[in-house]
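Read-outs throughout are calculated quantities, based only on the coordinates presented, and are distinct from any laboratory measurement. What you see is a predicted model; the values in this text were computed from it and never measured. For neighbour counting, all protein chains shown are included, and Cβ atoms are generated from backbone atoms with ideal geometry for every residue, glycine included.
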Amino acid sequence: MLSFKECTLDQLDEMFGLKPLPLRQMPVLQTWLDGQNEVSEQERGYLSLLQEYLQEHVEDWNEQELAMHFIGPMFALVKFDYERKFALFAERPLNGVVEGIEMGGRPDGLIATGYRLPGKPYFCFQEYKKEKEPEGDPQAQVLAAMLVAQEINEHQFPIYGCHVRGRLWFFMALEGKEYGTSDGYIATREDVFDILRILKVLKQVIIERIKREA
């Protein structure tokens, strides 16, 4: 089985005939990033506290500490849940067969249908403490997980993803053989409010998808 941790972008592109696109040519990703959702004053106040903590420690935290002190609270603020129809899961196994190749791993985060156990995955997430030269390729690991998620969902809709390198957040989308990645959003700057907005838009996209499938 091909492990997500072993994947590189060149390998995935060649193996599956994938086509990386610039943001301007990936409407599904651009629409997500441009989506509107209110960030309340209360949320801004809480984010400012999280951001201050990140600014003080981002160079010192390891991956688990980054997840515990900043990434986790960010996702908790969005509360990925809707009538117990989907949830945010951590380090759950995700396996599947993509064009005859068995692939699998444990993404750091996974938004999927289900309440106690993940079902259909909609969003895959990977985080790394180091912004330069991390162990492995987080972008490729997320893309590999997204490919499996796409197969599980029988290519019925786009799959979303995100990888974090220290203070930098990169959002991704996969549709068919094409994928795109955003520029980095810097969580120690005003971008932190955009990061929350984008995550809230993602929640609404998933809710609308689940309603259509009901």
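By other beta-carbon atoms within 10 Å, ranking Glu6, Glu213, Glu83 with the fewest at the front produces Glu83, Glu213, Glu6. Shown for segment 76-174 is the translational diffusion coefficient from the Stokes-Einstein equation, using the Kirkwood radius over Cα pairs, a temperature of 25 °C and a viscosity of 0.890 mPa s: 178 µm²/s.
In percent, how large is the relative contact order of the chain, given Cα pairs closer than 8 Å and 6 or more residues apart?
Numbers: 376 pairs, mean separation 55.7, N = 214.
Computed over the chain, the figure is 26 percent.
Considering only DSSP beta bridges where both residues belong to the chain, give the percentage that are antiparallel (nearest 5). Walk me through the numbers before you get to the answer.
Numbers: 26 of 37 bridges.
That works out to approximately 70 percent antiparallel.
The lysine pair count for segment 2-213, using Cα distances under 19 Å and pairs eight or more places apart or on different chains, is 16.
With Cβ to Cβ distances under 9 Å as the rule, what net charge do the other residues near Gly96 carry (K, R +1; D, E -1)? Walk me through the numbers before you get to the answer.
Numbers: positive: none; negative: Glu102, Glu151.
Neighbourhood net charge equals -2.
Taking θ as phi - 60° and the Karplus parameters 6.51, -1.76 and 1.60, the scalar couplings of segment 62-77 work out to 8, 4, 5, 5, 4, 5, 5, 8, 10, 5, x, x, 4, 5, 5, 5 Hz in sequence order, x denoting glycine and proline.
Using the Karplus relation 6.51 cos²θ - 1.76 cosθ + 1.60 with θ = phi - 60°, the per-residue 3J(HN,Hα) values for segment 37-49 come to 7, 6, 9, 6, 4, 4, 5, 4, x, 5, 4, 4, 5 Hz, with x marking Gly and Pro.
So for each of 61-73, 15-27 I average, over its residues, the number of other beta carbons within 10 Å; can you give me the resulting order with the highest mean first?
On the way: 61-73: 16.3, 15-27: 13.9.
Averaged packing, sorted descending, gives the order 61-73, 15-27.
Listing Val39, Val205, Val164 from the residue with the fewest other Cβ atoms within 10 Å to the one with the most, what is the order? Could the numbers behind the result be given before it?
Details: Val39 16, Val205 19, Val164 28.
Listed from fewest to most nearby Cβ atoms, that is Val39, Val205, Val164.
Grab the DSSP H runs of the chain that are 4 residues or longer, score each as -39,500 (n - 2.57), total them, divide by all residues and round the 222 nm result to the nearest 500 deg cm²/dmol. That comes out to -12000 deg cm²/dmol. Of the residues Phe75, Phe125, Phe89, the one that moves most in a GNM of the chain with alpha-carbon contacts below 10 Å is Phe75. Rounded to the nearest angstrom and listed largest first, the equivalent-ellipsoid semi-axes of the chain from its Cα gyration tensor are 25, 20, 17.
In the elastic network of the chain, a GNM with C-alpha springs shorter than 10 Å, the most mobile of Pro93, Pro121, Pro138 is Pro93. When only alpha carbons are used to place a centre, segment 171-198 and segment 44-92 end up 16 Å from one another.
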